[in-house]
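Structure record follows, encoded as structure tokens.
The values are calculated or read from the model by the stated rules, or taken from the named source; none is laboratory data. All values reported here derive from a predicted model rather than from experimental measurement. Only protein heavy atoms, including side chains, enter the accessible area calculation; ligands, DNA and RNA are left aside. Shrake-Rupley method; radii C 1.70, N 1.55, O 1.52, S 1.80 Å.
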Amino acid sequence: MYNVKIFPTSPRVDTHFHIFESRQSIKGARYNPAYAATLDQWWSQAEAVGVTHGVLVQPSFLGTDNRLLLEGLAAYPGRLMGIAVVEPTISLQEMKELHALGVRGVRLNLVGGDH
């Protein structure tokens, strides 16, 4: 019989979660939640099940206003990474700035548009 611990110190990652304030959305959003989903609420639930890291994804109903996402990344550097929604015209310099803040990908919201 072996006494083997599988990855005892490996991070446990939630690969997709959102944070937002109540009734905060862009004009024309398909969804406008009447409740808030805070970073503190997520951490409380995540820690309860052993999650140590996360990928914070910009909700589609906030459009390209990534302020909450960036605030969340700044609050937990090294534990959170982000997926932002950006304008098609974003510059390389702006992408580099987002990367420096913890953004590692972009979300393309193509449903409902003229694409």
Over the Cα atoms of the chain, Rg to Rh with Kirkwood Rh, two decimal places?
1.06
Length added when fully stretched, R12-V106, from 0.36 nm per residue minus Cα-Cα
31.6 nm
Residues with amide H under 5 Å from that of V85, placed H, sequence gap 5 or more:
Q58, R107
Accessible carbon and sulfur surface of the range 43-115 relative to its total accessible area, %, 1.4 Å:
58 percent
Compute the accessible area per residue over the range 57-97, keeping the other protein chains in place, probe 1.4 Å, unit Å².
55 Å²
